[in-house]
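Participant: Below you'll find the structure I mean.
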Amino acid sequence: MRLAGRDIQQFKMTDAQLDCALDLMRRLPPQNIEENLAGLIDLVPSLCEDLLSSVDQPLKVAKDKTNGKDYLLCDYNRDGDSYRSPWSNTYDPEIEDGAVPSERIRELELQANGAFDTYRELYFEGGVSSVYLWDLDHGFAGVILIKKIGDGSKQVKGCWDSIHVVEVKENSKSRSAGKDTYKLTSTVMLWLETNKDESGMMKLGGSLTRQDEREMQFDDAHPHIANIGLMIEEMENKMRNTLNEIYFGKTKDIVNDLRSVESLAAGMSKMQMQHAIAGALKARASARA
């Protein structure tokens with residue numbers, strides 16, 4: 001019983017450490033995630049596996065050697081030390097018996113990559129996107145990745161990384177029509193850096209994670225790619241608005257409170273006028289009473 005008590009206490013302490021570590025990572029700049037994550041793992045090596053599986057890291061870009069197309073790297077297209085390209089369905093470096101989707105899911109994966117390549121170009125006007133799908137017993141799952149790096153023009157640098165993990169449960173017995181369940185988990189990481197003479201250097205960054213689940217009609221007019229695309233489009237718009245309100249809106253309010261564009265004399269004059277108007281309205285109300 002004594003050993004069991006120690007084990008429970010150790011488990012609780014490790015769980016608390018993980019919560020604190022994840023809470024800390026959410027508050028640190030997303031552009032330094034890899035550096036900060038390595039520091040936390042050095043401090044608490046026992047949390048290595050949990051942290052690596054729980055913390056989303058900025059996406060990296062690789063080039064397909066067979067066709068020269070760019071694709072994104074993540075845990076979902078990794079097998080050992082090799083990564084699978086969505087364009088050629090091959091691993092780099094080459095490995096034997098690497099995990100690949102079934103023929104039906106591979107065809108869907110190719111269609112999804114083409115669709116989201118168009119989506120990325122329309123919304124982001126550049127960047128890189130990749131879609132990876134894999135088979136499940138009750139349907140399939142996948143991840144849609146989008147990365148856009150600011151080119152530094154107009155003295156502004158930045159990066160947008162979005163990771164959308166979707167699980168599709170194919171409920172309908174007939175694959176020609178019915179309603180399927182779509183579960184979406186989206187994470188967006190954004191950071192910006194400006195360096196201008198008027199405002200100096202400013203760094204702004206943050207991340208958001210949101211979930212959505214719904215049943216949607218599946219038939220020839222509503223294929224899987226269209227349903228998934230609709231959910232991701234709506235989710236990204238909501239998260240983009242939230243980022244705008246939380247990070248940009250709050251920063252603007254703080255800056256406006258700390259720094260006024262008016263002179264002190266103009267501010268004092270405005271305040272005196274406000275007091276005078278308030279006094280006059282109060283005196284008129286008292287006279288009427």
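Participant: Let me cross-check ILE254: its accessible surface, 1.4 Å probe, with only protein heavy atoms counted, in Å² to the nearest 10?
Facilitator: Its accessible surface works out to 100 Å², give or take rounding.
Participant: Calculate the dipole size of the range 51-182 relative to its Cα centre from +1 charges on Lys and Arg beta carbons and -1 charges on Asp and Glu beta carbons; express the result in debye to the nearest 20. Walk me through the intermediate numbers first.
Facilitator: Details: 17 positive and 23 negative charges, 105 e Å.
Dipole magnitude for the range 51-182 comes out near 500 debye.
Participant: Given contacts defined as C-alpha pairs under 8 Å and at least six residues apart, what's the relative contact order of the range 74-129, whole-number percent? Before the final figure, lay out each step's value.
Facilitator: Numbers: 35 pairs, mean separation 11.3, N = 56.
Reported relative contact order: 20 percent.
Participant: From Cα pairs below 8 angstrom and at least 6 apart in sequence, can you work out the relative contact order of the chain, rounded to a whole percent? Show your work: numbers first, answer last.
Facilitator: Working: 377 pairs, mean separation 31.0, N = 289.
After rounding, I find 11 percent.
Participant: Please report the carbon-and-sulfur percent of the accessible area for the chain; probe 1.4 Å, protein heavy atoms only, DNA, RNA and ligands left out.
Facilitator: Working: 9820 of 18450 Å².
The value for the chain is 53 percent carbon and sulfur by accessible area.
Participant: Another question, then. For the range 159-280, what is the charge dipole size about the Cα centre, in debye to the nearest 20, if Lys and Arg each add +1 at the Cβ and Asp and Glu each add -1 at the Cβ?
Facilitator: Numbers: 15 positive and 19 negative charges, 56 e Å.
Charge dipole, the range 159-280, about its Cα centre: 260 debye, nearest 20.
Participant: Mind checking the angle between helix 264-288 and the chain's longest principal axis? C-alpha axes, 0 to 90 degrees, to the nearest 10.
Facilitator: 70 degrees
Participant: Roughly how tilted is helix 33-43, in degrees to the nearest 10 and between 0 and 90, from the longest Cα axis of the chain?
Facilitator: 80 degrees
Participant: If one takes the longest principal axis of the Cα atoms in the chain, at what angle in degrees, from 0 to 90 and to the nearest 10, does the Cα axis of helix 224-243 lie?
Facilitator: 30 degrees
Participant: Continuing with the same structure: Rounded to the nearest 0.05, what FRET efficiency do ILE254 and ARG214 give with R0 = 51 Å and r taken as the Cβ-Cβ distance? Could you check? Can you show the working numbers first?
Facilitator: Working: r = 37 Å, r/R0 = 0.72.
That pair, ILE254 with ARG214, gives E of 0.90.
Participant: Further question on the same structure: Full extension from ASP64 to LEU281: what is 0.36 nm times the residue separation minus their Cα-Cα distance, to one decimal in nm? Don't jump to the answer; show the numbers that get you there.
Facilitator: Details: separation 217, 0.36 × 217 = 78.12 nm, distance 7.39 nm.
Contour length minus the Cα-Cα distance gives 70.7 nm.
Participant: A further question follows. Taking Cα pairs under 8 Å and at least six residues apart, what relative contact order does the range 49-203 come out at, in percent?
Facilitator: On the way: 259 pairs, mean separation 21.7, N = 155.
Result for the range 49-203 is 14 percent.
Participant: Where nothing but the Cβ of Lys and Arg (+1) and of Asp and Glu (-1) is charged, how large is the charge dipole of the chain around its Cα centre, in debye to the nearest 20? Could you put the intermediate results ahead of the total?
Facilitator: Details: 36 positive and 47 negative charges, 392 e Å.
Dipole about the Cα centre, nearest 20: 1880 debye.
Participant: Which label marks the calculated value of Rg/Rh (Cα atoms, Kirkwood Rh), given the options (1) 1.29; (2) 1.12; (3) 1.01?
Facilitator: (2)
Participant: Another question about this same structure. Using a Cα-Cα cut-off of under 29 Å, which lysines could be cross-linked to LYS282, ignoring same-chain neighbours fewer than 8 residues away?
Facilitator: Straight-distance partners of LYS282: LYS270.
Participant: Rounded to a whole number of µm²/s, how large is the Stokes-Einstein D of the range 219-270 at 25 °C and 0.890 mPa s, given Rh as the Kirkwood radius over C-alpha pairs? Walk me through the numbers before you get to the answer.
Facilitator: Details: Rh = 14.6 Å.
Translational diffusion coefficient: 168 µm²/s.
Participant: Let me ask something else. Among MET216, ALA226, VAL255, whose Cα sits farthest toward the positive end of the charge dipole of the chain (+1 at Cβ of Lys/Arg, -1 at Cβ of Asp/Glu, about the Cα centre)?
Facilitator: Toward the positive end, the furthest listed residue is VAL255.
Participant: Check which residues have an amide H placed less than 5 Å from GLY150's amide H, if you skip close sequence neighbours.
Facilitator: GLY158, CYS159, TRP160
Participant: For the chain, what is the accessible area per residue in Å², given a 1.4 Å probe and the full set of protein chains?
Facilitator: For the chain, the solvent-accessible area averages 64 Å² per residue.
The values are calculated or read from the model by the stated rules, or taken from the named source; none is laboratory data. Values in this document were obtained by computation on a predicted structure and should not be read as measured data. A quick note on method: Cβ atoms are made from the backbone with ideal geometry, for glycine too, and the neighbour counts reach across all protein chains shown. The area values use the complete protein model at the heavy-atom level, side chains included, leaving out ligands, DNA and RNA. Shrake-Rupley method; radii C 1.70, N 1.55, O 1.52, S 1.80 Å.
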